[in-house]
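**Student:** Pasting a structure here, questions to come.
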Amino acid sequence: MTALTFFLVSLTPGDPAVVILGQNRAPEEYQRLREQLGLLQPVPVQYANWVATLAHGSLGTSIFNSESVVAKLNARLGVTLSLVTLTAVVSSVIGVALGIASALRRGVLARTVDVISLLGIVLPSFWVALVLVAIFAVRLHWLPAIGYVNPAADPAGWLRSLVLPVAVLAGPAIGLIAQQTRNAMLDVLERPFIRTLRAGGVRPLSLIYRHALRNAGVPILTVIGLVFIGLLGGTIIAENVFALPGLGGLAVEATGRHDLPVIQGIVLYFTVIVVVVNLLVDLLYAWLNPRIRVS
């Protein structure tokens, strides 16, 4: 993944030397800076140098301001993780609830959930973001249009600063989770053991949440894990629209500057997050289904 990213970014137009020095400089100044930054070396050599730096436990420094890449990313990681985690929690709670409701109440409610899910999936996120900002920030003044508040300094302000970004990212996620939950619940509710439990007088709530939902949990967890991973990409839009100082906004900034060490660091961080999420999903599989744990 890092190799592909490195080569793709190196092929895009732009010159870091021009970005750093600005226009109207002497050609030899640009050439001297390119040599200092190692940009005159072949791309495979540049990538090999980056891998060698990584092997020593470092991600290098930004070519734009010589700041440590690790320090730069760590300063923004919390913003992205808080946005993605909060969105995943909200999407999971609402999506699972809608999916269960539509599986139990087939008819008007099921069709309504279908419409809500479809709208959440097909509406462009950037358009939804602009509409929400226009209504809740510009017209009603209920929520801030841009910016991020440190939760340690002001928990309520932190939550308010994330309401609109979470709402934008949660729309498609809720739709996907609701659809998967409904399909999984419908499949489980038709199984013989559910009919046996129902005939045996098991209470409806216990039947739904203790037996049906637990058995439908594996496909639901799968889509929640995929949604979490997809939200990492969604942060690029949300963080730029709402001016959040996270990794998504930094990715756009670094790409515009051709700051390869920073871009590579972001890709590596996202890769680690994906691996950790997949591991947690696998552990939850085993908790939900003992047969998976035994195998």
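**Student:** I need the Debye-formula profile for region 2-55: one equal scatterer per C-alpha, no solvent, reported as log10 I(q)/I(0) at q = 0.19, 0.21, 0.22, 0.30 1/Å, two decimals.
**Tutor:** Taken in order of the listed q values, log10 I(q)/I(0) reads -0.72, -0.84, -0.89, -1.20.
**Student:** Considering only 268, 110, 79, whose Cα is most displaced toward the positive end of the charge dipole of the chain, charges sitting on Cβ of Lys, Arg (+1) and Asp, Glu (-1)?
**Tutor:** Value computed over the given set: 110.
**Student:** Same structure, new question: With a length cut of 27 Å (Cα positions projected on each helix's long axis) and a Kyte-Doolittle mean of at least 1.0, go through the chain and give me the DSSP H helices that pass.
**Tutor:** Qualifying helices: 69-104, 217-241, 260-288.
**Student:** Still on this structure, please answer the following. Under a Cβ-only charge scheme (Lys and Arg +1, Asp and Glu -1), can you give me the dipole magnitude of the chain about the Cα centre, in debye to the nearest 20?
**Tutor:** Once rounded to the nearest 20, the dipole reads 1540 debye.
**Student:** Right, next: Given the options 206, 63, 129, identify the residue whose Cα lies farthest towards the positive end of the charge dipole of the chain (+1 on Cβ of Lys, Arg; -1 on Cβ of Asp, Glu).
**Tutor:** 206
**Student:** Once each part is reduced to its C-alpha centroid, what is the distance from region 37-82 to region 231-284 in angstrom?
**Tutor:** Value for the Cα centre distance between the two parts: 14 Å.
**Student:** If you don't mind, another one. Any chance you could check the Cα centroid distance between region 169-187 and region 122-165 for me, in angstrom?
**Tutor:** For region 169-187 versus region 122-165, the Cα centre distance is 25 Å.
No value in this document is a laboratory result; all are computed from the given coordinates. On a predicted model such as this, the values are computed, not experimentally measured, just so you know. So basically every Cβ, Gly included, is an ideal-geometry build from the backbone, and we count neighbours across all protein chains shown.
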